Structure formats: structure tokens, C-alpha cells
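The structure appears below as C-alpha cells.
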Amino acid sequence: MNIGIVGLGLIGGSLGLDLRGLGYQVLGVSRHPGTCQRAIERGAVDEASVDLTLLAAADVVFVCTPIAAIAFTVKQLIPHLSPGAIITDVGSVKTAVVEEVAPLWQNFVGGHPMAGTTDSGIEAAFSGLFSGNPYVLTPVASTPPKAVKVVEEIVRSLTSRVYFCCPEDHDRAVAGISHLPVMVSANLIEACMGETNPMVLELAQQLASSGFRDTTRVGGGNPELGVMMARYNRDCLLKSLLSYRQNLDRLIEQIEQEDWQSLEKKLNSTQQGRSHFLKAVD
Ligand code: NAP
């Protein structure tokens, strides 16, 4: 089977490395010739080009561009595809993407691998990124079951844990566990940067260790991706942020009023609640 990948960055390049390792023929397209060259050198693709005509021979195409470019890329891609080809994407937001792309090409299956790092670009790609991690597929009523099956099989071959849901449920769920953490973590870094005493700021920078690393990892990631999450999952993210602000206000009240009992109750509950979100990974 020939697999096409458009957008040879962290996700596209990592997909290429794994899929080639599994014996698929991988054809890659990216904007810059230098990226195509590096993708070939790194073994992420068999062939690469800046020209979408390369994908005429593809059976399945993964669109791995930034979210803002997905629908435009699909429009550019369609004239070059064979009629039975399947398109899937990897965008971190699904409702906006699926609403725009599904009417353009029937054999389209929305997807989102829940895996990443703080780095971006082809140099950041590595094999095994998806192994053991969730991979969500978001078919809609018009998606042909045969196309879903084909994408599911490819994704399962990456040893990802495959989940199915509608685009709206996906966006609501990831607003809480992925997009809100990015914003909160970025705000945490900003709050620490706001220390006004230069001596204390320097001391804090020297003392920051594993706790700071864990809680700020996602806030210190690719800024473009963070903006895309906020732009394309705006409503769900705003709901999550407002609910978070209410929790924060309650927390401030508890500490101001020295209500240590309520604080302990809250921390007991969050200690237990955390494990429910991480049962599949721990
Ligand atoms: P990335 O490392 O920046 O890679 C995107 C690549 O797409 C770039 O290297 C760029 O290559 C190429 N590109 C940019 N604009 C393009 C365009 N208009 N047409 C064709 N190629 C274009 O970003 P990423 O982290 O892989 O994210 C890609 C997608 O994966 C996004 O939709 C994101 O939502 C999704 N995603 C990301 C993560 C994560 O944690 N990073 C996780 C899951 C899903 P050139 O050098 O050729 O311009």
C-alpha cells in the first residue's frame, strides 16, 4: 500500500518513520525542498517532493500540516488523487476540520494521534512516537465504514490505542485534558517570570527542578500549536478556562480564609481523581 504524507514535521515525519518500518511505501510532500531532502535522509519517506502530484499513486494520505492549512491542503490535493484514495488528518481539533473537509472528499476520516513533544519540524521526528498512545478517529454519518477500517488498521499497526468518537465529543474532551493544560501551564511559566526581584527570580530559576519541568512541559511547547488549539477549539476551551477560573477563585478563598479542611478535602479528591485519567498509561 502507498501512503502519502503532507507536512513533514514532528507528526508527519514520525508517521513516515514508523510506516516505512512496517513496510509501507511512503510518499511525502512538504512546502520546503530542504524539509523534503531531510525527510529522505532521515528515512521518513521513500520519495519526497514539494509538488502534490507525487501523491497520485497514494492509497491513503495523512494530512499533517498545521490545523489552519488542513482544509486548504485537501483542496489542493484532491485534483491529484485517484478516486478511491482515502484522506485522513492528524489535527488536534476535529469539529472545525471535519466540518470543512468531509464535504470535499467522501473518503475522509478525521483523526488525532494523542502524542507529541515540545519540539517541531522534521528534525524532531522519531520512530515510536505513537506506540502505546491514544489515537482518536472521528468518523461522521457520511464516512464510508470501509475507509474507517483502512485507517483503523494502519493506526493499529503503529500499536496506538484506537478510540472512536464524534468530532464534538473529541473537542470537548481534549479541551479539558490537552488544551486547558497548555494554557494553564503557559500561564504558570508567565507567573514565575513575573517575579519582580531580580535576585529572587535568578534564585527561582536555579532552584526549578522536576516539579517545574513536569508542570510546564506543555506550556513551553510549540506556540503555533497553542494558538491553533485556542483558535479552532475556542468555545470548548473557553468553557474549560471559565470552569478552571471558578476553581481557582474557590482555592484562593480557601487559603485566604485559612480553611485548611476544605483545602485538604480538595487535594484528597484531586489525588484520587488524577489516577482515573492516567489508568491506561500508568
Ligand atoms: P510541525 O512539526 O510544525 O510540522 C508541520 C510541518 O508541516 C512543517 O514541518 C512544515 O514543513 C509543513 N507545513 C507547514 N505549513 C504547510 C503547508 N501550508 N503546506 C504543506 N506543508 C506545510 O507541526 P506538528 O507538531 O507536526 O503538527 C502538525 C499537525 O499535527 C497539526 O495539525 C497538529 O494539530 C497535529 N498534532 C500535533 C501534535 C503535537 O504535539 N505536536 C500532536 C498531535 C497532533 P515545511 O518545513 O516544509 O514548511
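The values are calculated or read from the model by the stated rules, or taken from the named source; none is laboratory data. Just so you know, these numbers come straight off a predicted model, no measurement behind them. Glycine gets a Cβ as well: all are built from the backbone with ideal geometry, and neighbour counts include every protein chain shown. Heads up: the accessible areas ignore ligands, DNA and RNA and are worked out on the full protein's heavy atoms, side chains in. Shrake-Rupley method; radii C 1.70, N 1.55, O 1.52, S 1.80 Å.
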| task | With the full set of protein chains in place, find how many percent of the accessible area of the range 169-278 is carbon and sulfur; take the probe as 1.4 Å. | result | 55 percent
| Considering only protein heavy atoms, what is the solvent-accessible area of residue 72 at a probe of 1.4 Å, reported in Å² to the nearest 10? | 130 Å²
| message | Can you order the peptides 183-189, 2-8 by their average number of other Cβ atoms within 10 Å per residue, highest first? | response | 2-8, 183-189
| note | Projected onto the charge dipole of the chain (unit charges on the beta-carbon of Lys, Arg, Asp and Glu, signs +1, +1, -1, -1), the Cα from 196, 247, 97 with the largest positive-side position is that of 97
| task | Working from Cα positions, state the angle (0 to 90°, nearest 10) between the long axis of helix 10-21 and the longest principal axis of the chain. | result | 50 degrees
| Within-14-Å neighbourhood charge of residue 33 [Cβ basis; K, R +1; D, E -1] | -1
| Farthest positive-ward along the chain dipole, Cα basis, beta-carbon charges - from 207, 178, 2 | 2
| said: Can you tell me, using C-alpha contacts under 8 Å and at least 6 residues apart, the relative contact order of the range 2-165 as a whole percent? | reply: 22 percent
| Carbon plus sulfur fraction of accessible area for the range 2-165, probe 1.4 Å, in percent | 54 percent
| query | Taking the simple approach of a point 7 Å from Cα along Cα-to-Cβ for both residue 161 and residue 41, what is their distance in nm? | reply | 3.8 nm
| note | Rounded to the nearest 10, the angle in degrees between the Cα long axis of helix 67-77 and the longest principal axis of the Cα atoms of the chain comes to 10 degrees
| query | Excluding ligands, DNA and RNA, what is the solvent-accessible area per residue of the chain at a probe of 1.4 Å, expressed in Å²? | reply | 55 Å²
| request: Would you tally the net charge around residue 70, using a Cβ to Cβ cut-off of less than 12 Å, leaving residue 70 out, and scoring K and R as +1, D and E as -1? | output: -1
| field | Cα-based helix-to-principal-axis angle, 198-207 vs the chain, degrees rounded to 10 | value | 60 degrees
